[in-house]
Amino acid sequence: MMGYMKDDKKTAEAIDSDGWLHSGDVGVMDNDGLLHITGRIKELIITAGGENIAPVPIEDKLKELCPAISNAMMVGDKRKYNVVLLTLKTVLDPETGLSTGKLLGDAERVSASCTTDKQAIAEVNTKGSTWQTYLQGGIDTLNTKFSVSNAQRIQKFAVLPGDFSEKGGELTATLKLKRSVAAEIH
């Protein structure tokens, strides 16, 4: 990139005096010298203890461990511990683009007694229920096998009704999570 056309100020923000492009991404270098993007600087969570956490890899791993989860949003900025807000896979209304509340796919297979997200939320709040065991089991596995420090562990979770959506304002047109908007709404 040579810079922004006729915008020296924006070019100076993006490209430093040594010629390095500052994209706003956070990444790690692997053993082969390859760069892996793990998140965005704007998305970093800085805990009360001062540790920086990239939430996206943690959220993605949790969704992999619990395929009934549609979206996960870690919250922990300037807090003693991390919580995660979860939405379950539900059918979207094609006209409104919003969740109908009816469970879909992996989510409808978790518990035979639940067909809607509201029923699943009620079950999540019942200790020892199928949904409680399913979600807590995924979080426990995440915390013991994949968290590299105590600051990355998820201590609590909540399941939200519906799902994040572009129409609801929580997702961009490319289906990326708008953290500040989702945090404000929920």
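Of note:
- Cα-based shape type of the stretch 85-186, given that a ≥ b ≥ c are square roots of the gyration tensor eigenvalues and the cut on a/c is 1.5: oblate
- About its Cα centre, the chain has a charge dipole of approximately 600 debye under the convention of +1 per Lys or Arg Cβ and -1 per Asp or Glu Cβ, with nothing else charged.
- The convex hull built on the alpha-carbon positions of the stretch 1-110 has an orientation-averaged projected area of 12.1 nm².
- Only protein heavy atoms count here; on that basis, with a 1.4 Å probe, residue 170 has an accessible area of about 10 Å².
- Cross-link check: pairs 145/167; 89/145; 127/176; 9/61; 78/102 evaluated at a Cα-Cα cut-off of 30 Å; pairs beyond the cut-off: 145/167; 127/176; 9/61; 78/102.
- Using alpha-carbon coordinates, inclination of helix 55-65 to the longest axis of the chain, degrees: 30 degrees
- With all protein chains kept in place, the per residue accessible area of the chain amounts to 62 square angstrom at a probe of 1.4 angstrom.
- Rel. contact order, % - alpha carbon contacts under 8 angstrom, at least six apart, the stretch 105-184: 18 percent
- Listed residues 79, 153 arranged by accessible area, highest first, probe 1.4 Å: 79, 153
- Compactness ratio for the stretch 124-175: Cα radius of gyration over 2.2 N^0.38 Å (N = residue count) comes to 1.46.
- Sulfur and carbon atoms: percent of accessible area, the stretch 1-136 [1.4 Å]: 55 percent
- Tilt relative to the chain, helix 130-141 - C-alpha long axis, 0 to 90 degrees, to 10: 30 degrees
- Residue (of 88, 136, 29) at the positive-pole extreme of the chain, dipole from beta-carbon charges: 136
- Ranked order, 91, 75 - accessible area, probe 1.4 Å, largest first: 91, 75
- Sequence-separation-based contact order of the chain, relative, with Cα cut under 8 Å and 6+ spacing, percent: 16 percent
- Ranked order, 5, 73, 29 - accessible area, probe 1.4 Å, largest first: 5, 29, 73
- Only protein heavy atoms count here; on that basis, with a 1.4 Å probe, residue 104 has an accessible area of about 80 Å².
- The ratio of the alpha-carbon radius of gyration of the chain to the globular-protein estimate 2.2 N^0.38 Å is 1.19.
The values are calculated or read from the model by the stated rules, or taken from the named source; none is laboratory data. The structure presented is a predicted model; accordingly, all values stated were derived computationally and were not measured. Here the Cβ is made from the backbone with ideal geometry for all residues, glycine too, and neighbour counts use every protein chain on show. For accessibility, only protein heavy atoms count, side chains too; no ligands or nucleic acids. Shrake-Rupley method; radii C 1.70, N 1.55, O 1.52, S 1.80 Å.
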